[in-house]
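Data block below; observations after.
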Amino acid sequence: MKKGNILFLTLLILTILAFPYQAALSEPSIDRRFPKEIAGVPLPKLLDFGRGICIPCKKMAPILQELSEEYKGSVIIKIIEIDQEKELTRVNRIRLIPTQIFFDSKNNEVFRHEGFMDKEAVKKIFQQMGVQ
């Protein structure tokens, strides 16, 4: 085989191997701290990380459901099951459950709480964030 052919084949192989990385770099980055369906939504967010069998998590579920209805269109409230969303749990550095993370409309974390949080405490954080 001639030197020119070997060089051409080497460059071709390198180009083929590098292509997936180039494609990945050209895609817009998605904030991996959020479920994909809400990552780009420009509203404040509350992510509640827990497990369905956790007693404080079970107590918070109806509270979060009520708040979700009360603040519909103003805040996104999402319950994250840590067993089903291991990557989200890891990326958000969850150590204890339940953990509530509050984000502003630009996806900046503004408050984090570990443990049970009653309805009034959540509403107080929303108020501090300027959510009506």
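The values are calculated or read from the model by the stated rules, or taken from the named source; none is laboratory data. Bear in mind that the values here come from a model prediction, so they are computed numbers and not experimental data. All Cβ positions, glycine included, derive from the backbone under ideal geometry; neighbour counts span all protein chains shown.
Below is a table of values for the structure above.
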{"item": "Per-region count, the range 89-113, residues charged (D, E, K, R), surrounded by 14 or more Cβ atoms within 10 Å (Cβ to Cβ) and in a helix (DSSP H, G or I)", "result": "0"}
{"item": "Filter result (touching a Leu at 6+ places or on another chain (Cβ under 6 Å), touching a residue at least 40 places away in the same chain (Cβ under 8 Å) and under 23 Å from Gly52 (Cα atoms)) within the range 101-121", "result": "Ile101, Phe102"}
{"item": "Test: residue in the range 117-129 that is assigned to a loop (DSSP other than H, G, I, E, B), under 16 Å from the mean Cα position of the chain (by Cα) and within 20 Å of Val41 (Cα to Cα)", "result": "no"}
{"item": "Checking Val122 against (1) of a type in the set (A, V, I, L, M, F, W, C); (2) more than 17 Å from Ala39 (Cα to Cα); (3) surrounded by fewer than 14 Cβ atoms within 10 Å (Cβ to Cβ), the condition it does not meet", "result": "(3)"}
{"item": "Number of the condition not met by Phe34 [criteria: (1) assigned to a loop (DSSP other than H, G, I, E, B); (2) exposed (fewer than 13 other Cβ atoms within 10 Å of the Cβ); (3) at pLDDT below 95]", "result": "(2)"}
{"item": "Flag if Lys45 is surrounded by fewer than 18 Cβ atoms within 10 Å (Cβ to Cβ) and modelled with pLDDT of 95 or more", "result": "no"}
{"item": "Every residue from the range 48-88 that is among the β-branched types (Val, Ile, Thr), surrounded by 12 or more Cβ atoms within 10 Å (Cβ to Cβ) and assigned to a loop (DSSP other than H, G, I, E, B)", "result": "Val75, Ile82"}
